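Reading through the structure tokens given below for one structure.
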Amino acid sequence: MSNQTSTSPWKTLTALPENIWHSVFRNPLPISDLGRASTTFTNFFLHLHPVKVHRHSLRATYTWGLGLISFFLFFILAVSGVLLMFYYVPSTTQAYDRMLDLRGTVAFGIFLRNMHRWAAHGMVAAVFLHLCRVFLTGAYKPPREFNWVLGVILFLLTMFASFTGYLLPWDQLAFWAITVGTSIAGYAPVFGKEVRFLLLGDSTVGQEALLRFYVLHVAVLPIVMSLLVAIHFWRIRKDGGLSRPPEEDDFVSDATLRTSVEPASTPAATVGVQSAARAEAGDADSQPRRYGIQGLVKGPITKAGNVPDRSLFSWPNLFMAELVVFLVTVAGLLLVSVFFNAPLEEPVNIMHPPNPAKAPWYFLGLQEMVSYSAFWGGVGIPTLEVLLMLLLPYVDRKPGGEGKYFSRERLLANSLFITFAILNIGLIIIGTFFRGPNWEFVSPW
Amino acid sequence: MLKKPNTEEQPEPLTRRKVLAWLSGFGLCGSAIITVFSNFTFIKPRVTYGQPNRFSIGRPEDYPPGARIALEAKRICIVREGEKMAAISTTCTHLGCIVSSSETGFACPCHGSRYDQDGNVTGGPAPKHLPWYQLSLAPNGELEVDKDNEIEVGNYFKV
């Protein structure tokens with residue numbers, strides 16, 4: 001123990017376990033607020049979080065834990081993916097046999113493949129729902145514009161990672177989905193043919209394409225995504241935590257000073273709290289003291305004085321919530337992986353495409369549009385949609401409605417977004433259930 | 001970069017330090033751009049390992065008049081009408097699926113494009129007709145297809 005000066009070998013030996021423990025974990029389990037703060041602060045994994053977190057950010061019905069679910073699925077995908085790499089060979093002659101081996105000879109092989117496949121589908125869905133949540137609550141408004149852009153890029157990378165993984169089993173589904181998908185890329189103006197050739201390493205899908213997709217899938221994309229996820233998380237902290245409705249005592253900097261500050265609706269609750277507008281008018285003495293964190297952070301502010309504190313300690317409130325989300329995610333994934341096997345079709349036969357040849361479900365909306373016009377459906381409209389999403393926070397800058405679902409102030413933006421979302425989901429449903437051989441309209445019942 | 005706050009609205013004088021900073025900036029950016037380009041040059045293959053685009057398909061006698069024989073591995077269909085022969089691509093011009101022969105010509109299973117006997121589009125999203133490839137007779141008497149050489153529809157090769 002640290003306060004003992006004795007250096008007898010026996011004492012050293014008996015104190016060894018405790019000394020090792022304390023060298024790794026610098027704080028005992030916290031029993032005081034100081035302990036809770038320093039536990040969060042001094043632990044490598046916990047220090048990503050703020051010491052205290054606003055009550056609003058902990059409401060399950062606000063975030064639905066969707067960002068966390070996306071991240072946990074990404075983590076599970078990385079772990080299960082590395083395990084699958086021990087058996088997989090990116091070769092046109094071996095890949096499919098290795099899939100069969102996962103089924104037949106590798107312990108837990110089929111289970112890991114199921115987990116990997118369903119987590120991939122789940123991640124696409126979770127990231128999309130997360131995007132919807134952020135839009136509907138207006139959380140892309142300043143100062144969170146750039147984090148929204150990062151999120152859109154991560155959404156696209158998620159789809160691309162899923163797409164590259166799709167080819168690896170080298171079955172009929174894989175081959176034809178990638179043939180169709182890369183042909184769509186070929187329709188892009190100017191660089192389309194070049195991009196397609198770089199992706200495939202050849203003029204058709206073959207060994208070169210399999211190797212390239214493998215490298216993208218297991219190395220390039222996970223590394224790029226990990227980096228962007230780290231920046232995405234970091235920006236949440238630097239942009240002032242999760243979005244929430246503004247409060248009367250919020251610090252308002254010159255840059256984000258609102259034109260009108262609503263008067264306090266309940267004077268009793270805001271005794272001693274002055275609006276930022278009055279502070280601008282020079283009424284500084286009655287102001288509660290406010291401290292910026294290191295003077296570097298724009299939004300969040302440490303308040304002192306007679307200011308209502310609406311935050312809770314991250315330990316245990318936030319960490320318990322995160323643990324619950326993690327456990328629910330893992331439990332759900334395990335259940336699905338026990339009961340449903342990842343599809344594996346016949347080995348590649350380059351002469352006979354399956355009829356109909358369908359892309360993965362999240363690309364079926366794209367494939368449905370492509371059946372009307374290859375350029376507009378596959379390149380034109382998707383590019384416009386992505387550009388709109390990337391530019392959105394720089395176009396829609398009017399403050400108001402942040403942190404609330406379906407806020408009246410955001411009626412137009414939300415209506416437009418919901419229309420686009422329903423259109424895309426509708427196209428996916430048509431492509432999935434209503435298209436039969438030769439892509440002709442069929443009734444699913 | 002740290003800069004002194006410019007209290008007066010005057011253009012700062014062009015110092016030696018500034019010129020050097022600009023030059024170094026250009027040098028660094030230029031190197032970065034060259035690096036990106038050389039990496040793209042690296043991953044763009046100079047040699048591909050797939051099938052050759054120019055290949056022999058046997059003697060004309062192997063294709064009796066009236067035959068429509070699909071060489072599936074080569075992704076072409078050999079058509080012979082009397083003394084006229086043609087090699088029509090069976091790769092759908094829409095998104096690269098393999099079209100199959102149907103009663104009226106060719107049909108694509110992926111997005112429902114349909115073509116007539118000559119490969120002209122009769123329905124579906126295909127933007128253009130199926131390409132016809134150059135046929136020629138090699139000195140050894142065998143027919144040769146050159147998939148790098150596209151010719152006009154209806155431009156038959158006389159045997």
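The numbers here are math on the coordinates, done by the rules we state, and not lab data. Model, not experiment: these values are computed from the prediction. Positions of Cβ are generated from backbone atoms using ideal geometry, with glycine treated the same way; all protein chains shown enter the neighbour counts.
Counting every C-alpha pair in region A:56-193, the share spaced more than 24 angstrom apart comes to 44%.
May I ask for the angle, rounded to the nearest 10°, between helix A:172-186 and the longest principal axis of chain A, with both axes built from Cα atoms and the value confined to 0 to 90°? The angle comes out at about 70 degrees. The trypsin sites (Lys or Arg not before Pro) found in region B:45-79 that occupy coil by DSSP, while having at most 13 further C-beta atoms within 10 Å, are B:Arg46.
I need the calculated FRET efficiency for the pair B:Ser56 and A:Thr93, taking r as the beta carbon distance and R₀ as 35 Å, to the nearest 0.05.
The calculated FRET efficiency here is 0.85.
Each Lys or Arg adds one and each Asp or Glu subtracts one; over the other residues with Cβ under 12 Å from the Cβ of A:Val51, this totals +2. Cα axis of helix A:314-339 to longest principal axis of chain A: angle in degrees, 0 to 90, nearest 10? Relative to chain A, helix A:314-339 is tipped by roughly 20 degrees. Summed over qualifying helices (DSSP H, 4 residues or more, each -39500 (n - 2.57)) and divided by its residue number, chain A shows a 222 nm mean residue ellipticity of -17000 deg cm²/dmol. In a simple Cβ point-charge model (Lys, Arg +1; Asp, Glu -1; nothing else charged), the protein assembly as shown has a dipole of about 1640 debye relative to its Cα centre. For region A:325-382, the fraction of C-alpha pairs more than 13 angstrom apart is 74%.
Give, rounded to the nearest 20 debye, the magnitude of the charge dipole that region B:1-143 has about its Cα centre when Lys and Arg contribute +1 at Cβ and Asp and Glu contribute -1 at Cβ.
860
Placing dummy labels 7 Å off each Cα toward the beta-carbon, the span from B:Arg17 to B:Cys29 is 2.2 nm.
Ordering A:Gly403, A:Leu221, A:Ile31 by Cα displacement along the dipole of chain A toward the positive end leaves A:Ile31 in first place; charges were set at the Cβ atoms of Lys, Arg (+1) and Asp, Glu (-1). A simple charge model with +1 on the Cβ of Lys and Arg, -1 on the Cβ of Asp and Glu and nothing else charged puts the dipole of region A:186-241 at about 280 debye relative to its Cα centre.
Computed per residue of chain B from DSSP H runs no shorter than four, each worth -39500 (n - 2.57), the mean residue ellipticity at 222 nm is -6500 deg cm²/dmol. Note on A:Trp234/A:Leu16: beta-carbon distance plugged into 1/(1 + (r/R0)^6) with R0 of 30 Å gives a FRET efficiency of 0.20. The stretch between A:Ser23 and A:Thr383, if pulled fully straight at 0.36 nm per residue, gains 124.3 nm over its current Cα-Cα span. Normalised by the number of residues in region B:9-159, the average gap of Cα pairs under 8 Å and 6 or more apart makes the relative contact order 19 percent. Compared with the dominant Cα axis of chain A, that is its longest principal axis, helix A:411-433 is turned about 30°. Taking a ≥ b ≥ c as the square roots of the eigenvalues of the alpha-carbon gyration tensor, region A:178-235 is classed oblate because a/c is 1.5 or more while a/b is no larger than b/c.
Less than 5 angstrom separates the built amide H of B:His129 from those of B:Val121, all sequence-distant by 5 or more or on a different chain. Give the residue from A:Gly241, A:Leu150, A:Ala357 lying farthest towards the positive end of the charge dipole for the protein assembly as shown; charges sit on Cβ (+1 for Lys and Arg, -1 for Asp and Glu) and the dipole is referred to the Cα centre. The listed residue farthest towards the positive side: A:Gly241.
Applying a threshold of 27 Å to the alpha-carbon distances of A:Lys193/B:Lys84; A:Lys193/A:Lys358; A:Lys193/B:Lys128 flags A:Lys193/B:Lys84 as lying beyond it. Whole-percent P(r), the protein assembly as shown, all Cα pairs, 20 Å bins from 0: 15, 39, 30, 13, 3, 0. Model label sites at B:Tyr156 and B:Glu144, defined 7 Å from Cα along the beta-carbon direction, differ in position by 2.4 nm.
Diffusion of chain B by Stokes-Einstein, at 37 °C in a medium of 0.692 mPa s and with Rh set to the Kirkwood radius over alpha-carbon pairs, works out to 163 µm²/s.
Could you tell me the relative contact order of chain A? Use alpha-carbon pairs under 8 Å, at least six residues apart, and round to a whole percent.
Relative contact order for chain A comes out at 22 percent.
Under the simplified labelling scheme, the A:Leu323-B:Glu103 pair shows an inter-label distance of 6.9 nm, with each label point 7 Å from Cα along Cα→Cβ. With the charge dipole of region B:1-150 set up from +1 on Lys and Arg Cβ and -1 on Asp and Glu Cβ about the Cα centre, the Cα lying farthest toward the positive end among the listed residues B:Gly82, B:Leu23, B:Pro11 is that of B:Pro11.
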